[in-house]
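Take a look at the structure below.
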Amino acid sequence: METATEQWVLVEMVQAVYEAPAYHLILEGILILWIIRLLFSKTYKLQEHSDLTVKEKEELIEEWQPEPLVPPISKDHPALNYNIVSGPPSHNIVVNGKECINFASFNFLGLLDNPRLKAAALASLKKYGVGTCGPRGFYGTFDVHLDLEDRLAKFMKTEEAIIYSYGFATIASAIPAYSKRGDIVFVDKAACFAIQKGLQASRSDIKLFKHNDMADLERLLKEQEIEDQKNPRKARVTRRFIVAEGLYMNTGAICPLPELVKLKYKYKARIFLEESLSFGVLGEHGRGVTEHYGINIDDIDLISANMENSLASVGGFCCGRSFVIDHQRLSGQGYCFSASLPPLLAAAAIEALNIMEENPGIFAVLKEKCEQIHKALQGISGLKVVGKSFSPAFHLQLEKSTGSRERDVKLLQEIVSQCMNRSIALTQARYLEKEEKCLPPPSIRVVVTVEQTEEELEKAASTIKEVAQAILL
């Protein structure tokens with residue numbers, strides 16, 4: 001029976017060969033010959049001998065120069081010529097031995113040198129020591145960490161919060177914890193460098209939209225919707241994220257959050273909001289851009305912020321729904337692999353939250369001072385103010401570029417140096433030029449805090465005007 005079956009199969013195969021078109025048989029024959037050739041031919045030729053003498057080889061080796069480990073850097077590079085601060089960088093700062101009014105540090109609420117924060121940190125130092133010497137999963141979780149996470153969640157009115165020991169690593173770790181290869185992230189072109197690094201680590205498909213341009217974002221979302229219709233099976237497993245900042249570090253602009261939320265629900269995307277500048281600044285109680293607009297915080301899938309600005313501590317946090325935050329405890333690289341936040345800094349952050357809750361009027365004071373200097377700096381010949389009037393960090397850019405970024409930077413640095421000589425501490429915004437996706441133009445960054453008096457704000461504005469006119473005109 002088996003022999004008859006085998007014979008019948010063989011007959012069918014022979015019959016199929018006879019019935020096949022001639023071009024089909026020729027093509028298969030060529031493919032078979034090509035495979036045989038590949039199997040038995042050498043992929044490279046071995047050099048039997050060298051035509052070079054031993055002396056010639058030695059000369060070539062001596063002449064060979066390897067590529068430098070790093071590119072050459074000028075000794076004049078700003079990173080190699082930093083200013084040295086003596087004492088706390090609070091309201092008044094001593095830079096290179098000269099006392100100045102500080103318009104450079106992100107100490108928005110003036111808590112950096114606050115006696116209550118220092119007392120809380122000192123008490124924690126005596127109880128726990130200096131550091132933790134371990135990540136959260138390996139004996140690096142202290143009770144004060146859990147207290148801070150609970151306080152942050154309650155302050156932001158979310159289910160849960162998670163803290164990181166390094167502010168930059170917070171959003172840079174959070175993004176790749178959720179967005180993976182094959183997912184799609186729609187991100188504002190003005191996004192800060194920490195967001196860019198998070199996107200790079202995620203290996204997701206990145207789609208950039210024009211800064212705060214909701215029409216351009218919707219265009220990209222519509223294009224993606226059309227692509228999804230072509231391949232619904234792929235679309236079902238592809239996640240879509242929109243990443244924005246509350247107040248943009250690089251522009252001082254506020255994101256149009258109500259429009260973002262509408263687009264989120266219309267196109268079924270998730271929103272990640274980076275609020276390092278807006279947390280402790282915007283809103284009646286300092287809860288950030290959601291409170292500023294009156295947006296339900298549950299409409300935002302993830303909020304992140306550092307604790308290095310308004311809270312005058314170190315590290316950062318994310319907050320949101322419990323199932324979202326808990327995923328970071330398993331996948332957030334900065335959380336899982338870095339030593340946890342020193343307890344003394346966690347204690348200081350808790351005390352800063354206490355002060356914010358006890359004195360909600362502080363945010364209105366900060367807003368008034370921002371608007372005062374923003375108005376006073378209008379009309380400077382050769383410079384333009386970039387950023388919202390309520391942003392505590394905004395930029396001064398050249399109205400007209402010289403045509404060379406290097407020359408623009410030197411002009412602005414001359415303004416900064418002259419202001420420093422007149423006891424006003426400013427700084428240029430710094431960027432890793434070869435790493436930035438969309439390199440912002442050179443600028444001077446001006447930072448406002450609640451500690452600065454009206455007279456000091458007026459003095460700073462008049463000094464900047466005088467110096468700019470002397471250098472640019």
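The values are calculated or read from the model by the stated rules, or taken from the named source; none is laboratory data. Not measured: the values here are computed from a predicted model. Every residue, glycine as well, gets a Cβ built from its backbone with ideal geometry; the counts of neighbours run over all protein chains shown. Note: areas computed on protein heavy atoms with side chains; ligands, DNA, RNA excluded. Shrake-Rupley method; radii C 1.70, N 1.55, O 1.52, S 1.80 Å.
Here are a few things to note about the model shown:
- Set K400/K465; K222/K268; K262/K375 screened for pairs whose C-alpha atoms are more than 21 Å apart: K262/K375
- Members of K75/K210; K180/K234; K118/K154; K180/K437 lying beyond 26 Å, as alpha-carbon distances in this model show: K75/K210
- Taking 18 Å as the straight-line reach from the Cα of K410, the aspartates and glutamates in range (excluding those fewer than 8 positions away in the same chain) are D76, E399, E433, E466.
- Contour minus Cα-Cα distance for I26 and S423 (0.36 nm per residue): 134.2 nm
- Residue-count net charge about T290 - beta-carbon cut-off 11 Å; Lys, Arg +1, Asp, Glu -1: -2
- Pairwise Cα distances in the chain exceed 39 Å for 38 percent of all pairs.
- Put simply, when 150-158, 366-374, 257-265 are sorted by average Cβ atoms within 10 angstrom per residue, most first, you get 366-374, 150-158, 257-265.
- Rounded to the nearest whole Hz, the Karplus-based 3J(HN,Hα) values (6.51 cos²θ - 1.76 cosθ + 1.60, θ = phi - 60°) of segment 304-320 follow the sequence 10, 7, 8, 9, 9, 10, 5, 7, 6, 10, 9, x, x, 8, 10, 9, x, with x at glycine and proline.
- Of all accessible heavy-atom area on the chain, the percent that carbon and sulfur account for (1.4 Å): 57
- Two-decimal Rg/Rh across segment 115-358, once Rg and the Kirkwood Rh are taken from alpha-carbon atoms: 0.99
- Phi-based couplings in Hz for segment 228-239 (Karplus 6.51, -1.76, 1.60; Gly and Pro marked x): 5, 5, 6, 9, x, 5, 5, 4, 5, 10, 9, 8
- Solvent exposure, largest accessible area first (probe 1.4 Å, DNA, RNA and ligands not counted), of E433, E275, E284: E284, E433, E275
- For I242, the amide hydrogen comes within under 5 Å of the amide hydrogens of F186, R270, I271, F272, counting only partners 5 or more places away or on other chains and with H modelled in the peptide plane.
- Segment 462-473 - phi-based ³J(HN,Hα) in whole Hz, Karplus 6.51/-1.76/1.60, Gly and Pro as x: 5, 5, 4, 4, 5, 5, 4, 5, 5, 8, 8, 9
- The chain - accessible surface per residue (Å², probe 1.4 Å): 55
- Normalised contact order of segment 115-358, rounded percent, pairs of Cα under 8 Å and 6 or more residues apart: 32
- Nonlocal amide H pairs with A161, under 5 Å, H built at 1.01 Å: A153
- Burial ranking of peptide ranges 397-403, 290-296 (average Cβ count within 10 Å, highest at the top): 290-296, 397-403
- Nitroxide proxy distance, nm - points 7 Å out along Cα→Cβ at E99 and C133: 4.1
- Under 15 Å, Cβ to Cβ, from D147 - net charge with Lys/Arg +1 and Asp/Glu -1: -2
- Once C-alpha pairs closer than 8 Å and six or more residues apart are averaged by separation and normalised to the residue number of the chain, the relative contact order reads 19 percent.
- Neighbourhood net charge (11 Å Cβ-Cβ; Lys/Arg +1, Asp/Glu -1) for D76: +1
- As a length-normalised measure over Cα pairs under 8 Å and 6 or more apart, the relative contact order of segment 350-472 settles at 32 percent.
- For segment 328-473, the alpha carbon positions stretch 55, 40, 26 Å along the principal axes, listed from largest to smallest.
- Order of exposure, largest accessible area first, which applies to F186, F337, F138 with probe 1.4 Å: F337, F138, F186
- Accessible area per residue was computed with a 1.4 Å probe on protein heavy atoms; I26 scores about 110 Å².
- Axis of helix 343-358 versus longest Cα principal axis of the chain: the two differ by about 60°, to the nearest ten degrees.
- Amide H within-cut-off set for K189, under 5 Å, with H built and near neighbours excluded: F209, H211, N212
- Sequence ranges 106-119, 218-231, 313-326, ranked by mean other-Cβ count within 10 angstrom, highest first: 313-326, 106-119, 218-231
- Acute angle (nearest 10 degrees) that the helix 362-376 long axis makes with the longest principal axis of the chain, alpha-carbon atoms: 90
- Rounded tilt (10° steps) of 22-40 against the dominant C-alpha axis of the chain: 70
- With 5 Å bins beginning at zero, the pair-distance distribution over Cα atoms of segment 236-344 amounts to 2, 11, 20, 23, 20, 14, 7, 2, 0, 0 %.
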